Amino acid sequence: MKREKITLSFEEMPKSWYNIKAELPFKIDPMLNPGTGEPIKPEELAMLFPPSLVEQEFNCEDRLIPIPEELIKEYYVYRPSPLVHATGLEEYLDTPAKIYFKNESVSPTGSHKVNTALAQAYFNKQDGFSKLTTETGAGQWGSALSYAGTKFGLDVEVYMVRVSYDTKPGRRHMIHLYNGRVYPSPSERTEGGRAILKDDPDCNGSLGMAITDAVEMAVKSDDTNYSLGSVLDHVLMHQTIIGEELKLQLEKANVKPDVLIACVGGGSNFGGFVFPFVMDAINNKDIEIIASEPQACPTLLEGKYEYDFGDTGKLTPKMKMYTLGYGFVPPPIHAGGLRYHGASPIVSRLVNEGIVRPDDLPQTEILKAAQIFSLTEGIIPAPESSHAVASTIREAKRCKETGEVKTIVFNLSGHGFMDLSAYDHIGKL
Ligand SMILES: *Cc1c(COP(=O)(O)O)cnc(C)c1O
């Protein structure tokens, strides 16, 4: 079978991001100030984010937001990412389904996160800021932001979930290589961190706690902003470069997708991948959209749809989203990037409207899927991305049972070269 890889020329690359809020037939519930219960005003976010990003966060009018030329140049270092026809996986599964994947693992740090990291660093620099603080789970976001920061001349300070800091030294080294600084969270450097450590000195940490650390440091100083790797509307918008490219690549290959699949932590690779297709799903009802998440942190399937804080320390605005509760500390599964109690408000709403279906997967199935994909397609997936692989395998097997010839496209959000310990105890396939 011919193994097709579909790419785009520089001229064909999308030159704008897609702002889904300008097109959705419903309004996304606003963030609330936890003190007053009133919708957050743009001025209130100015403590954490630069004016350009605040404007993007509140923009519900413009369908397309132009990507600045300097950023397109940086995107071109690793984009467009290839769309690959996964013929090896199809043959192995002996399925009538057609399987394609968008390979975001080709970025400098090995995941989709660089797409928004570059944008956030660029706009912070443009708006006159010199330093960024952030949190990181497994380390992918911290390394992506460090890379982006050093490209645009910003200092980057990363608070890394303690359990990952201790068990994933590779990402720490990568952050250092890109001139970033990294500290374990909960951190002795912050009031919030010290309070948690006082009660629980051996605390594993969580993304919620690391956000508390990073936000506190950013609020304390004028030249410093905070940067979030997922969840917020502007972050998901930057990621739509993935889905926009995908749309063009599918047209070029004359392929019509029936099922779109991506994993969800905070929702950024998922949103970026599927948003350009959501209006088709709403209007024509002929695209199924699946969100893969870990059974150990089942935000979309078992969380409550309600207003909640984004962090453990209750420093962030409240967002209407699926949430397991701001105090939820997920077990330390391999997919560190999916250990988050909440999810993007836009993605949550799409689930609540029945436009997106959550799919929960146990870790054993994830590891097996990763092994199958490594052997059949020659790429070791990140444990996070393996959730999308596992849902794809479920769908392809269903097609085998029913004889349906569906076209399944999934997002390979990153490679697993920095997470190989996850695959240490796998038996032979
Ligand atoms: C961070 C990360 C995720 C989860 O984050 P989202 O915002 O939900 O995309 C998924 N895959 C990889 C490879 C990651 O690094």
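The values are calculated or read from the model by the stated rules, or taken from the named source; none is laboratory data. Just so it is clear, the model here is predicted, and its values are computed rather than measured. Every residue, glycine as well, gets a Cβ built from its backbone with ideal geometry; the counts of neighbours run over all protein chains shown. Heads up: the accessible areas ignore ligands, DNA and RNA and are worked out on the full protein's heavy atoms, side chains in. Shrake-Rupley method; radii C 1.70, N 1.55, O 1.52, S 1.80 Å.
So here's what we get for this one:
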{"quantity": "Residue 299 open to solvent by less than 10 Å² (accessible area, probe 1.4 Å), closer than 30 Å to residue 219 by Cα and out of contact with any helix residue (DSSP H, G or I) (no Cβ under 8 Å at 6 or more places or on another chain)", "calculated": "yes"}
{"quantity": "Selection count where residues are without any contact (Cβ under 8 Å) to a residue 40 or more places away in the chain and either assigned to a helix (DSSP H, G or I) or under 16 Å from residue 104 (Cβ atoms) (or both), scope segment 267-289", "calculated": "4"}
{"quantity": "Flag if residue 34 is over 23 Å from residue 20 (Cα atoms), surrounded by 12 or more Cβ atoms within 10 Å (Cβ to Cβ) and either out of contact with any Gly (no Cβ under 6 Å at 6 or more places or on another chain) or at pLDDT 95 or above (or both)", "calculated": "yes"}
{"quantity": "Residue list for segment 36-53, filter: among the charged types (D, E, K, R) and either assigned to a loop (DSSP other than H, G, I, E, B) or touching a Leu at 6+ places or on another chain (Cβ under 6 Å) (or both)", "calculated": "38, 41"}
{"quantity": "Subset of segment 383-429 (residues that are more than 16 Å from the ligand (Cβ to nearest atom) and more than 19 Å from residue 99 (Cα to Cα))", "calculated": "424, 425, 426, 427, 428, 429"}
{"quantity": "Single match in 292, 344 (criterion: within 15 Å of the ligand (Cβ to nearest atom), small (Gly, Ala, Ser), touching a Cys at 6+ places or on another chain (Cβ under 6 Å) and touching a residue at least 60 places away in the same chain (Cβ under 8 Å))", "calculated": "292"}
{"quantity": "Filtered residues of segment 151-172 (kept if within 19 Å of residue 131 (Cβ to Cβ), charged (D, E, K, R) and open to solvent by less than 30 Å² (accessible area, probe 1.4 Å))", "calculated": "157"}
{"quantity": "Of the criteria (1) at pLDDT 95 or above; (2) open to solvent by 10 Å² or more (accessible area, probe 1.4 Å); (3) among the aliphatic types (A, V, I, L, M), which one residue 235 fails", "calculated": "(2)"}
{"quantity": "Candidate set: segment 143-186, residues that are in contact with a Ser or Thr (Cβ under 9 Å, 6 or more places away or on another chain) and assigned to a loop (DSSP other than H, G, I, E, B); chosen: the one farthest from residue 107 (Cα to Cα)", "calculated": "186"}
{"quantity": "Only one of 362, 331, 317 that is open to solvent by 40 Å² or more (accessible area, probe 1.4 Å) and more than 16 Å from the ligand (Cβ to nearest atom)", "calculated": "331"}
{"quantity": "Residue 354 being away from the ligand (no atom under 16 Å from the Cβ), over 16 Å from the mean Cα position of the chain (by Cα) and free of Cβ contacts under 8 Å to residues at least 24 places away in the same chain", "calculated": "yes"}
{"quantity": "Tally of residues being under 26 Å from residue 223 (Cα atoms), open to solvent by 80 Å² or more (accessible area, probe 1.4 Å) and modelled with pLDDT of 95 or more across segment 44-73", "calculated": "4"}
{"quantity": "Residue in segment 323-339 that is in a strand (DSSP E or B), among the charged types (D, E, K, R) and in contact (Cβ under 8 Å) with a residue 12 or more places away in the chain present", "calculated": "no"}
{"quantity": "Every residue from segment 361-390 that is of a type in the set (Ser, Thr, Tyr) and under 17 Å from the mean Cα position of the chain (by Cα)", "calculated": "385, 386"}
{"quantity": "Hits in segment 210-244 - residues which are within 16 Å of the ligand (Cβ to nearest atom), more than 22 Å from residue 193 (Cα to Cα) and in a helix (DSSP H, G or I)", "calculated": "233, 234, 235, 236, 237, 238, 239, 240, 241, 242, 243"}
{"quantity": "Any hit, segment 80-89, residues being open to solvent by 80 Å² or more (accessible area, probe 1.4 Å) and not in a helix (DSSP H, G or I)", "calculated": "no"}
{"quantity": "Whichever residue in segment 114-150 is open to solvent by 20 Å² or more (accessible area, probe 1.4 Å) and touching a strand residue (DSSP E or B) at 6+ places or on another chain (Cβ under 8 Å) and, among such residues, is farthest from the ligand (Cβ to nearest atom)", "calculated": "130"}
{"quantity": "Single residue of 264, 219, 255 found to be under 26 Å from residue 353 (Cα atoms) and in contact (Cβ under 8 Å) with a residue 24 or more places away in the chain", "calculated": "264"}
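Here is a yes/no grid of residues against (1) of a type in the set (Lys, Arg); (2) over 20 Å from residue 236 (Cα atoms):
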{"position": "71", "(1), (2)": "no, no"}
{"position": "79", "(1), (2)": "yes, no"}
{"position": "85", "(1), (2)": "no, yes"}
{"position": "93", "(1), (2)": "no, yes"}
{"position": "96", "(1), (2)": "no, yes"}
{"position": "111", "(1), (2)": "no, no"}
{"position": "114", "(1), (2)": "no, no"}
{"position": "121", "(1), (2)": "no, no"}
{"position": "128", "(1), (2)": "no, yes"}
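Condition check ((1) farther than 14 Å from residue 89 by Cα; (2) outside any helix (DSSP H, G or I)) across all residues:
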position: 384; (1), (2): yes, no
position: 388; (1), (2): no, no
position: 392; (1), (2): no, no
position: 395; (1), (2): no, no
position: 421; (1), (2): yes, no
position: 426; (1), (2): yes, yes
